[in-house]
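First up is the structure itself, then whatever we jot down about it.
Nothing in this text is a laboratory measurement; each read-out follows from the coordinates by a stated rule. None of these values were measured; they are calculated from a predicted model. So basically every Cβ, Gly included, is an ideal-geometry build from the backbone, and we count neighbours across all protein chains shown.
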Ligand code: C2E
Ligand code: MG
Ligand code: MG
Ligand code: MG
């Protein structure tokens, strides 16, 4: 449609073959993504979240994957931007919330221990769906699967809080009233004012992996400051992208609560979760599996 308009209008002079080809490709991807959401090409992967102190897995984060028929397994960074442009983040987001909850509940019926479930919610969902719709959808998904709201954590970013419509804070309050937990994702990479942090009922801060990976003196100082601030505000704090034992030791020394990263496990399909969790769940201590255990 957009291309037709362009060709019909006088803007056709600006539409070089290269641009037209790019646009056609994007539109094709948009349509493919729509079909993928409707069909069954999307799959939720889950990455464990573990206690820094004990190594016990206490939660998982749901991370969407697209089995593209031609391009193979695609990570979300490549298609979430497309979804945003196509205005279908709400569809994608509803699918993500519904299927993450359903998958985890299904695995629990097969013996997976109860874990805290984190689901990412894009900033567009706060604006695209009216807040009431998002809250209603979350409530519906929880009721359908019989999951307690306290077990669901929605990961939002600083962008959701300061969206142009300005309704982020109301949506957050409504979600809290429902009983779900809220985590602030990629903390430190956005641009929100610290006063928001004080005012909003955020339960968990997720420190962006750039602060974990950096080895400079400033990175350590930043890490320490974020952890101290989170503690002061009664939030739990989770470090993202932990890949080495040295990084884990540093987090332990700084008093970080939780971590997530390849050191513990990459994101895995739901059916593989039980195996990853098996040796790292409280009460199932296995001396051979304590490689990531600090205490
Ligand atoms: P995020 O929520 O910050 O997720 C963390 C990303 O870091 C994931 O990338 C994860 O696979 C990756 N990661 C985990 N451990 C390590 C590590 O040790 N080292 C490194 N270098 N990376 C690690 P992924 O799965 O590609 O997702 C990228 C982003 O896409 C997510 O960032 C999130 O913002 C978004 N996303 C993923 N799934 C969904 C979804 O269902 N809905 C929405 N709205 N966004 C999603
Ligand atoms: Mg996240
Ligand atoms: Mg993150
Ligand atoms: Mg990220």
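Between residue 34 and residue 85, what length in nm is gained on full extension when 0.36 nm per residue of separation is reduced by their alpha carbon distance? Provide the component values of the computation, followed by the final result.
Working: separation 51, 0.36 × 51 = 18.36 nm, distance 1.22 nm.
Contour length minus the Cα-Cα distance gives 17.1 nm.
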Seminar exercise, completed: A chain fully extended from residue 279 to residue 110 at 0.36 nm per residue, minus the present Cα-Cα distance, gains in nm 59.2 nm
Exercise. Taking the simple approach of a point 7 Å from Cα along Cα-to-Cβ for both residue 140 and residue 229, what is their distance in nm?
Worked result: 3.7 nm
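Give me the extension gain from residue 41 to residue 54: residue separation times 0.36 nm, minus the current Cα-Cα distance, reported in nm with one decimal.
Contour length minus the Cα-Cα distance gives 1.0 nm.
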